[in-house]
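The values are calculated or read from the model by the stated rules, or taken from the named source; none is laboratory data. Keep in mind that what you see is a predicted model, and the values were worked out from it rather than measured. Cβ placement follows ideal geometry from the backbone for every residue including glycine, while neighbour counts extend to all protein chains displayed. Please note that ligands, DNA and RNA were not included when accessible areas were found on the heavy atoms of the full protein model with its side chains. Shrake-Rupley method; radii C 1.70, N 1.55, O 1.52, S 1.80 Å.
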Amino acid sequence: MQTIDIARRCAELNAVNDANSAYVLALHQGGLAPEERMEAAVYLLRMGGNYRIAYTQFVQLYHEGQFQEECLNVMTQAFYQPNVKLMKSRYEKNCAALAKYPYLFRRDFPKFEELLLRFYPFDDNGYLPFKPEQQEFGGYVNYNDPVVSRNFFKDLENPILAQDVYSQYELEYLYDNVRLSEDIGRENHLYLHYTSWEVFCAHLQVLNLRDLLKQKKIVFLFGAELDRYPIDFKEMYGIDYSQYPVKPIGIKDIHRLIWHTQFSSDNGGDFFNEVFDSHPNLLCMPSVMMDNVEEIIQSYRTSFADAEQALAEGRSATASSKTMAKLFWDKGRTDKDIVAGMFLDQTDYMKNLDHGARIAPALFFQPHFSNMIYDMTHDEKGHTTLLCDQYDRIRNSSVFKAFKYVKTFTPMRRITTSYAATLRWMIEKRDALKAKDGSKTVIPDMVMNRVLNRSFMIDPEDRLYRDSVLVRFEDGKTNPRATFTALAAFLDIPYTESMTYCSERGIHDVETAEGNVVGFDTATVYRTYDDYATDDERAYIEFCLRDAYEFYGYDLHYYDGGPVDEERVKQWLEGFTGINSRILMSWENNVLPDAHVHINGGAVGTGLDDEFKVRTTEAIQEKNDAVRLKLATRLIGQLYFMNKNGQPLRMMPKLELDPALLDQPLYH
């Protein structure tokens, strides 16, 4: 019996839930005739099944020329007509507000019934536009999708001119981040140019422009009216903005966040901070520990509470700075405001901030952790979910939640190189193999840390990664002009002279950390740190992360790409002599000499005999090998990862470079 027959039988027996499930399965399996798909869609819609699946089938059948009249009638009755009153009301309110707006030079609004487009709601977020004259449906559009799709702020020499912006999110983004002419002492209106007046009017059904008209910041232009750009407000309206003094950037001007993520240790994060240092349109500092950020926020809140108590008791209260003094009197202050104030107070880093810029600066933020620790859980269907406590802290942070506009970029360095460099740093810089100053450092299994770290795979439901891009460290070093031109465009900031060199506090080409190469020196691109990684360790890493290597354009140097079974994994594990010896040495030097022997909960001796130490270190290595083997064998088949809601993860998009700007061939 076919699945469609099972669905029909369940429907006959009035087993509605089972029928809905069977119809959905039949549609997913495919191979149904048009009339069967129509049958399934109608049943799902009428009987409370998944309406999105039904909706999608109606649209697909319509596009295929099947049951067009019936599909359109069903969709109009089920999806359009219940919402048409709301859309008509929104249209009329927008038209009424625009009719009184001084910087819109047309008033010939069409009647609602004559609009070029009808919008069929698909879900709570988006619509399918329909052209009545052509009898055509367009693709799904979410006008509140939190993505800034273009480089609006590429050129700040002239007032911002944006073409055909129909995203509510982007309209609000422009409105919130383009500064008032009165604040910078020159003409700085936001010019929105639309090719078609009729198409613009049609979108007034689904956009809300009324709140964007309050400050009279926007100038609307249509078609040939582009010749008016830019308007001489002094001549045309008698408004001379040059009489206004420049208003310094304030805490409440900061609306957008650029999150520079920490992919892993020794991954090039310092280098990217050095490039963005002293950008005139950024509040930018080197990475700060997340723990320190949270402590600073709490210390400021405590200071504010103490000051409020002092004033209530008639005592004087002092603030740490003018910035924080202003924030003290703002009773609606948030953790986001405190962090913005903390950045603004760092005068050494903010000395090149352009207070007269046409746009408000973005907060360039890299909260740092001592390490990014990932783990995976697996279900019986072979689906894998990624877990990371550090990322959960970011996701739940009140600072991140408060930013409406978030751009995210993740630097990636060749993973085997980053792995070996991290081990080198732990040994040479932290002296992890020796007990020092009473510390008891144990080297973790850095191989597993790297292969478990799949933070380049993003959750489509995660707001912080909705507008994100991955940037290769090697591209930034070997092709800095192409890389940072493209990255500036993605982040929607101008590519400035400050991005053509590396600096800290504006000082060019300084050694920002001991051992870091200076500036755009490519030495770290080609180092492989062979003394700190064996070929088998690196082959294992490349195999487990082969999808990342392929997607992000890295050639495999150690894994030959051939078939892998459990025996081959075991052969690799036998060659883990580098990491194993260092893990065991850190235990032997830093932990076992002072270990206590416990029997039934009581300590009976200090220090372990040699035989016990050997058994202990052997057990550690056996455990590590078992975990390594288990993970690699899981990854032998298809790599399939999903979020906690069962939706598949996808690769973060890679920053694509303009071939015309390449100084060297792309690194592989």
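Charged side chains reduced to their Cβ positions (Lys and Arg at +1, Asp and Glu at -1) give the range 1-150 a dipole of some 880 debye around its Cα centre.
Among 161, 30, 112, whose Cα sits farthest toward the positive end of the charge dipole of the chain (+1 at Cβ of Lys/Arg, -1 at Cβ of Asp/Glu, about the Cα centre)? Of 161, 30, 112, it is 112. The candidates 425, 329, arranged from most to least accessible area with a 1.4 Å probe in the full protein assembly, appear as 329, 425.
Considering only protein heavy atoms and a 1.4 Å probe, what is the carbon-and-sulfur percentage of the accessible area of the chain? In the chain, the share of accessible area belonging to carbon and sulfur is 49 percent.
Between residue 89 and residue 638, the C-beta separation translates, for a Förster distance of 35 Å, into a calculated FRET efficiency of about 0.10.
Residue separation of residue 99 and residue 516 scaled by 0.36 nm, minus their Cα-Cα distance, works out to 144.1 nm of gained length. With R₀ set to 41 Å, the beta-carbon distance separating residue 315 from residue 113 gives a calculated FRET efficiency near 0.05. Can you find, among 288, 402, 469, the residue farthest towards the positive end of the dipole of the chain? Put +1 on the C-beta of Lys and Arg, -1 on that of Asp and Glu. Going by the Cα projections, it comes out as 402.
Computed about its Cα centre, the charge dipole of the range 488-552 is approximately 220 debye, with only Lys, Arg, Asp and Glu carrying charge at their Cβ. Taking trypsin sites (Lys or Arg not before Pro) across the range 328-397, the ones in a DSSP loop with at most 14 further Cβ atoms lying within 10 angstrom of their Cβ are 331, 351, 381. Per-residue extension of 0.36 nm, minus the Cα-Cα distance of residue 69 and residue 348, leaves a gain of 93.7 nm for this segment. The protection proxy used here, the mean number of other Cβ atoms lying within 10 Å of each residue, ranks peptides 550-558, 168-176, 479-487 as follows, highest first: 479-487, 168-176, 550-558. Each peptide in 305-313, 366-374 was scored by the mean count of other Cβ atoms within 10 Å over its residues; highest first, the order is 366-374, 305-313.
Excluding ligands, DNA and RNA, the accessible surface per residue across the chain is 47 Å² with a 1.4 Å probe. For the pair residue 13 and residue 246, a Förster radius of 60 Å applied to the C-beta separation gives a FRET efficiency near 0.20, rounded to the nearest 0.05.
Here the extension length gained between residue 28 and residue 325 equals 100.9 nm, from 0.36 nm per residue of separation less the Cα-Cα distance. Give me the net charge of residue 629's neighbourhood, meaning all other residues with Cβ under 12 Å from the Cβ of residue 629; Lys, Arg count +1, Asp, Glu -1. My count for the surroundings of residue 629 gives 0. Taking each of 88/401; 85/214; 100/322; 351/477; 234/322 in turn, the alpha-carbon distance tops 29 angstrom for 88/401; 100/322; 234/322.
Sorting 274, 566 on solvent-accessible area from highest to lowest, probe radius 1.4 Å, gives 566, 274. Normalising the average separation of contacting C-alpha pairs (under 8 angstrom, six or more residues apart) by the number of residues puts the relative contact order of the chain at 12 percent.
Charged side chains reduced to their Cβ positions (Lys and Arg at +1, Asp and Glu at -1) give the chain a dipole of some 2000 debye around its Cα centre.
Each peptide among 38-45, 94-101, 11-18 gets the average number of other Cβ atoms lying within 10 Å of its residues, and from highest to lowest they stand as 38-45, 94-101, 11-18.
The residue list 587, 558, 540 was ranked by how far each Cα lies along the charge dipole of the range 515-595 toward its positive end, using unit charges on Cβ atoms, and 587 comes out on top. Placing a pseudo-label 7 Å from each Cα along the Cα-to-Cβ vector at residue 47 and residue 195 gives an inter-label distance of 4.6 nm.
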